[in-house]
């Protein structure tokens, strides 16, 4: 079995991790999470209360069950905290010295992780729904920002300038995403049902608009021509090789597009419930064969096979709506955050020990018992019954 | 009842919903047909021809196929293949942008020509069926195409609209349509609403498919109940859950 098949098998066996939980710092719903790309050790989360928390995902406690501790927090008491809910957080792609957050308080702040103070604040005229830094950019340091305004702003981290504007949408821009393959390609999704793909080096408009009917004007009613969805498009995600783009919309559909040609691959995922009025953060696995998409669907996370559209499973565990999920590429683990203020970790279920090994385990005695989470240990029934 | 908060029992899976991969004896009374065409033929038999006095060809909706076959992408591909080779025609039915009607080309031709007996528009319609249908698999036609590619005159287009083969989509563009299908759409929507209501009003909003099919239907439901069941399952208006007593249909609150 190749490595890709093993990874796929691990994804297929994802369940809620009984041994690990994430420190509960947020008092309100969690809107966005991001795991840094360098080591995969630190996770950022942004909440509806404006608070930003950084967690350490590694287990150095030596025990099987552990809590991912919050390393530091930009809490309500900080002078620089966002006034309203934080919608997007993202680590600087090349090191964890910096991260960028954007919020409904119409600002985007570039933070220094060491001091937890913003090095730069960009002010906007409308709510900021989404921002994204290119994960591979070497030649530019642009942050694409999608706001209430149909124009997409590109802010330059190096110079602080924000003169570059992309015009083309007619309604608020709900999601922006750079391609992980070409550092100048940007995809943007808007409430006007359109998804545009841009090359930021070009002075004129977008490269192309995604058309759900692939040019067959006959299939659509006149207003639906050249739209990616029959409703607001609120989620964008490239596959890790950048060859395909996934979009989700309030028409309860998810579509897979060829990112080079803009062609709809017509993979049918069925009804993907989507009621979000803001951006939806979903994730795609990497290096698995076949690849999977993890989409928040109500209070669970739906797992679909990427190229066949088959619903593999629903991951249930949250008490309220799930707003965001992020896949840890190296460990094939999924983290999801939602309105119940919890971040849950989903891990591939470990293989149960074979029968021959059981006798060995008994000998371990006390060491073996500590593998059981104390919350599940039976501390009340007595042996006399 | 609109639940604003999810129930704890949903999170902890106390209802022990089974994963869909297991098959139960009572649930599978017909073997899964691997062939899309034979499924289409089966669904066509459910269509009530007598209701329309045999003037309409048998119509099946594309999403009814999803209720029988699990792989939606495969179903879409097969349907497109059949359309490419000219055996199947697809229509935009108008009440839902995602609801497409499927008719076998031969059925369509016979019924349309039968309906045109003794009418002045007959020759134009024949010309349309001979020239346009084999070469073009579109759902709609624009004025440009009709005039330049197929060489129809304005008056001929008017005749086609009058006969019901084309329906106005917007100024200068027409949908391909089934003549006299207004009644079909009306009865279909009425029946769908009624059957959905039956599921929704059942205790807990769910009913066994076998029970539902036994029930007496109101006068609103003019189609065979099975036709509607395939429709609501395929359109994901109800969830289809395999249980030991058969398939359970649960109303989806959306």
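Points to keep in mind about this one:
- Looking across segment A:70-92, just one residue is out of contact with any strand residue (DSSP E or B) (no Cβ under 6 Å at 6 or more places or on another chain), over 14 Å from residue A:28 (Cα atoms) and surrounded by 14 or more Cβ atoms within 10 Å (Cβ to Cβ), and that is A:78.
- Of everything in segment B:79-94 that is within 12 Å of chain A (Cβ to nearest Cβ), in contact with a helix residue (DSSP H, G or I) (Cβ under 8 Å, 6 or more places away or on another chain) and outside any loop (DSSP other than H, G, I, E, B), the residue that is modelled with the lowest pLDDT is B:92.
- Every residue from segment B:132-156 that is more than 22 Å from residue B:101 (Cβ to Cβ) and surrounded by 14 or more Cβ atoms within 10 Å (Cβ to Cβ): B:143, B:147, B:149, B:150, B:152, B:156
- In segment B:167-182, the residues that are within 19 Å of the chain's Cα centre (by Cα) and either in contact (Cβ under 8 Å) with a residue 40 or more places away in the chain or buried (at least 19 other Cβ atoms within 10 Å of the Cβ) (or both): B:167, B:175, B:176, B:177, B:178, B:179, B:180, B:181
Matching residues to (1) at pLDDT 90 or above; (2) under 27 Å from residue A:251 (Cβ atoms):
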position	(1), (2)
B:187	yes, yes
B:201	yes, no
B:206	yes, yes
B:233	yes, yes
B:245	yes, no
B:253	no, yes
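- Members of segment A:89-130 that are outside any strand (DSSP E or B) and farther than 14 Å from residue A:72 by Cβ: A:92, A:93, A:94, A:95, A:104, A:105, A:106, A:124, A:125, A:126, A:127
- Of everything in segment A:274-315 that is within 15 Å of residue A:337 (Cβ to Cβ) and assigned to a loop (DSSP other than H, G, I, E, B), the residue that is nearest to the other protein chains (Cβ to nearest Cβ) is A:299.
- Under the condition of being surrounded by fewer than 20 Cβ atoms within 10 Å (Cβ to Cβ), closer than 20 Å to residue A:242 by Cβ and touching a helix residue (DSSP H, G or I) at 6+ places or on another chain (Cβ under 7 Å), the residues counted in segment A:267-314 number 3.
- Filter result (at positive phi and away from chain B (no Cβ under 12 Å)) within segment A:237-273: A:242, A:262
- Condition met for residue A:231 (free of Cβ contacts under 8 Å to residues at least 12 places away in the same chain and within 14 Å of chain B (Cβ to nearest Cβ)): no
- The one condition in (1) closer than 17 Å to residue A:345 by Cβ; (2) within 14 Å of another protein chain (Cβ to nearest Cβ); (3) in contact (Cβ under 8 Å) with a residue 60 or more places away in the chain that residue A:318 fails to fulfil: (3)
- Residue in segment B:23-46 that is touching a strand residue (DSSP E or B) at 6+ places or on another chain (Cβ under 8 Å), within 14 Å of chain A (Cβ to nearest Cβ), modelled with pLDDT under 90 and assigned to a loop (DSSP other than H, G, I, E, B) present: no
- Residue B:195 more than 14 Å from chain A (Cβ to nearest Cβ), over 23 Å from the mean Cα position of the chain (by Cα), at negative phi and buried (at least 19 other Cβ atoms within 10 Å of the Cβ): no
- Residue within segment A:328-339 that is assigned to a loop (DSSP other than H, G, I, E, B) and more than 23 Å from residue A:89 (Cα to Cα) present: no
- Residue match in segment B:110-118 (condition: within 14 Å of chain A (Cβ to nearest Cβ), touching a residue at least 24 places away in the same chain (Cβ under 8 Å) and buried (at least 19 other Cβ atoms within 10 Å of the Cβ)): no
The values are calculated or read from the model by the stated rules, or taken from the named source; none is laboratory data. These figures come from a predicted structure and were not determined experimentally. Don't worry about glycine lacking a Cβ; one is built from the backbone with ideal geometry, like all the others, and counts go over all protein chains shown.
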